[in-house]
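Colleague: I'd like to ask you about the structure that follows.
The values are calculated or read from the model by the stated rules, or taken from the named source; none is laboratory data. Bear in mind that the values here come from a model prediction, so they are computed numbers and not experimental data. Every residue, glycine among them, receives a Cβ derived from its backbone with ideal geometry; neighbour counts consider all protein chains shown.
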Amino acid sequence: MSGIYVHIPFCKKACHYCDFHFTTNLANTKKMTDSICKEMEIRKKEFSSNYNSLYFGGGTPSVLAISEIKQILDHLSKYTTLSQQIEVTVEINPEDINEVLLSAYRELGVNRLSIGVQSLNDEILNWMNRSHNQEKAIQSILLAKKMGFENINVDFIYGVPGYPNRNIKEELSSLLSTKPFHISCYHFTIEDKTYFGHLKKQNKLKEIRDTQSEEEFKIITYLLCTNRYVHYEISNFSLPGKVSKHNTNYWKKNNYLGFGPSAHSYHYPYRSWNVSNNVQYIQQVSTNSFHPQKEKLSDIDHFNELVMLGLRTSEGVNLLEALKLLNEKNKSDFKVNIDRFLHDGLLKIKNDILVMNKEKWLLSEFISRELFILN
Ligand code: SF4
């Protein structure tokens with residue numbers, strides 16, 4: 001299976017922590033929509049027929065007019081057949097959610113929303129420069145459910161510095177009162193080219209202590225798992241049957257096609273990415289000089305990525321598949337490397353699947369790095 005990703009690089013305002021590619025100048029949404037359609041035409045030979053997910057991400061896709069989303073969908077259907085079963089997700093912010101928009105999305109075939117809630121504490125939302133408050137966030141999820149959406153993800157951020165008395169339990173309890181079908185909980189990071197990055201450079205903001213992060217992670221995991229959510233990836237929890245197909249394609253290293261500025265595509269063993277600049281992107285596409293950057297992954301790169309992504313998931317790493325990528329020397333190095341983690345109980349192998357002890361998932365990045373084979 002594989003997926004399609006469409007990057008919509010516009011936001012109404014910039015959140016202080018965000019380093020995704022977007023602009024707050026909304027003047028060129030029509031030109032951008034035309035350019036994304038043109039890119040699809042240029043790359044029409046790359047389409048296949050077995051997609052299980054179409055994902056509009058960004059940025060904030062909900063800033064596009066309905067007619068612009070429709071234009072992209074109509075264009076896509078010229079090059080591939082999107083079956084009824086395909087997961088069609090639109091990222092949306094709570095303040096954009098209203099009945100008219102949701103019913104238009106449903107008519108267009110959008111069957112999943114990913115709502116950027118982030119927190120249910122108004123002080124934190126304000127500090128992050130988000131446009132909604134906790135009341136609007138709750139109302140937006142309830143309205144989406146009332147309008148018939150049976151698959152809704154909610155993004156939530158933990159590990160926020162400067163709020164040692166943040167009541168994560170209370171926030172999650174109100175979130176759980178709306179019973180979203182899927183919850184992605186991401187750790188707050190201070191990215192260089194953001195407002196918070198700027199504060200960090202001036203020593204006005206520091207990352208949270210590891211012990212507090214761990215404490216919050218434990219509370220989140222406990223609360224969600226005791227409320228029937230399945231913790232299937234380090235940052236992701238789903239009610240039964242609502243696992244994200246979009247994210248799963250990425251973790252399984254399935255192929256995907258990405259359109260729009262900064263979008264990445266993957267077709268084993270090649271990865272490519274579009275320019276992260278709206279003006280250059282539009283110009284490249286309109287002057288037939290579209291040239292994404294491209295790299296070929298070596299077998300070792302591919303192996304390292306399978307390990308890194310697999311250890312983050314409850315499905316783990318399929319060793320039969322992964323070890324085929326290594327020569328005998330690298331295989332034996334890898335076996336030596338995993339031994340100490342098997343011995344410590346951080347990793348285990350069952351039926352040729354290597355999985356991490358979920359209780360220690362926060363260490364997965366460290367362990368992956370220890371297991372990497374050098375090129
Ligand atoms: S978090 Fe979302 S809404 Fe905020 S700036 Fe980033 S992409 Fe835009």
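Colleague: So, in the stretch 140-157, exactly how many residues are of a type outside the set (Val, Ile, Thr) and within 15 Å of the ligand (Cβ to nearest atom)?
Modeller: Residues that pass the stated criteria total 4.
Colleague: Does the stretch 13-34 hold any residues that are over 16 Å from Gly57 (Cβ atoms) and either of a type in the set (Gly, Ala, Ser) or near the ligand (Cβ under 9 Å from one of its atoms) (or both), and which are they?
Modeller: Once the filter is applied, which keeps residues that are over 16 Å from Gly57 (Cβ atoms) and either of a type in the set (Gly, Ala, Ser) or near the ligand (Cβ under 9 Å from one of its atoms) (or both), the stretch 13-34 yields Lys13, Ala14, His16, Tyr17, Thr24, Ala27.
Colleague: Turning to a different aspect of this structure: Quick check on the stretch 51-89: of everything there that is crowded, with 17+ Cβ neighbours inside 10 Å and polar (S, T, N, Q), which residue is nearest to the ligand (Cβ to nearest atom)?
Modeller: Thr60
Colleague: Among the strands (runs of 3 or more DSSP E) confined wholly to the stretch 61-177, which include 3 or more residues that are over 30 Å from Thr221 (Cα atoms), touching a Pro at 6+ places or on another chain (Cβ under 8 Å) and not polar (S, T, N, Q)?
Modeller: Hits in the stretch 61-177: none.
Colleague: Also, quick follow-up: Against the definition (among the polar types (S, T, N, Q) and without any contact (Cβ under 8 Å) to a residue 40 or more places away in the chain), how does Ser35 come out, yes or no? Give the derivation first.
Modeller: Details: among the polar types (S, T, N, Q): yes; without any contact (Cβ under 8 Å) to a residue 40 or more places away in the chain: no.
Against the criterion (among the polar types (S, T, N, Q) and without any contact (Cβ under 8 Å) to a residue 40 or more places away in the chain), Ser35 does not qualify.
Colleague: Would it be correct to say that Ser48 is in the same structural domain as Pro180 (by TED's automatic domain parsing), more than 24 Å from Lys193 (Cα to Cα), more than 10 Å from the ligand (Cβ to nearest atom) and out of contact with any helix residue (DSSP H, G or I) (no Cβ under 8 Å at 6 or more places or on another chain)?
Modeller: So Ser48 fits the description; yes.
Condition check ((1) within 13 Å of the ligand (Cβ to nearest atom); (2) basic (Lys, Arg); (3) crowded, with 22+ Cβ neighbours inside 10 Å; (4) modelled with pLDDT of 95 or more) across all residues:
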position: Glu91; (1), (2), (3), (4): yes, no, no, yes
position: Ser119; (1), (2), (3), (4): yes, no, yes, yes
position: Asp122; (1), (2), (3), (4): no, no, no, yes
position: Ile138; (1), (2), (3), (4): no, no, no, yes
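Colleague: Can I ask one more? Scan Leu309, Leu371 and give me the residue that is of a type outside the set (D, E, K, R), within 30 Å of Ile42 (Cβ to Cβ) and in contact with a helix residue (DSSP H, G or I) (Cβ under 7 Å, 6 or more places away or on another chain).
Modeller: Matching residue, one of Leu309, Leu371: Leu309.
Colleague: Output the number of residues of the stretch 276-301 satisfying the condition of being out of contact with any Asp or Glu (no Cβ under 6 Å at 6 or more places or on another chain), surrounded by 15 or more Cβ atoms within 10 Å (Cβ to Cβ) and not hydroxyl-bearing (Ser, Thr, Tyr).
Modeller: Here the count works out to 10.
Colleague: How about the stretch 323-348: which of its residues are crowded, with 16+ Cβ neighbours inside 10 Å and more than 12 Å from Ile373 (Cα to Cα)?
Modeller: Phe341, Leu346, Leu347
Colleague: Criterion first (in contact (Cβ under 8 Å) with a residue 24 or more places away in the chain, crowded, with 17+ Cβ neighbours inside 10 Å and touching a strand residue (DSSP E or B) at 6+ places or on another chain (Cβ under 7 Å)) does Phe181 satisfy it?
Modeller: yes
Colleague: Go through the stretch 1-12 and report how many residues are within 16 Å of the ligand (Cβ to nearest atom) and surrounded by fewer than 18 Cβ atoms within 10 Å (Cβ to Cβ).
Modeller: 1
Colleague: Moving to a separate point now. Between a residue in the stretch 97-121 that is outside the structural domain of Gln84 (by TED's automatic domain parsing) and any residue that is among the hydroxyl-bearing types (Ser, Thr, Tyr), which pairs come within a Cβ distance under 8 Å, given they are 6 or more apart or on different chains?
Modeller: Between residues of the stretch 97-121 that are outside the structural domain of Gln84 (by TED's automatic domain parsing) and residues that are among the hydroxyl-bearing types (Ser, Thr, Tyr), there is no close pair.
Colleague: Another one. With the condition being farther than 30 Å from Gly162 by Cα, I'd like the strands (runs of 3 or more DSSP E) fully within the stretch 210-318 carrying at least 3 qualifying residues.
Modeller: The qualifying strands (runs of 3 or more DSSP E) are 256-259, 264-267, 270-273, 293-296.
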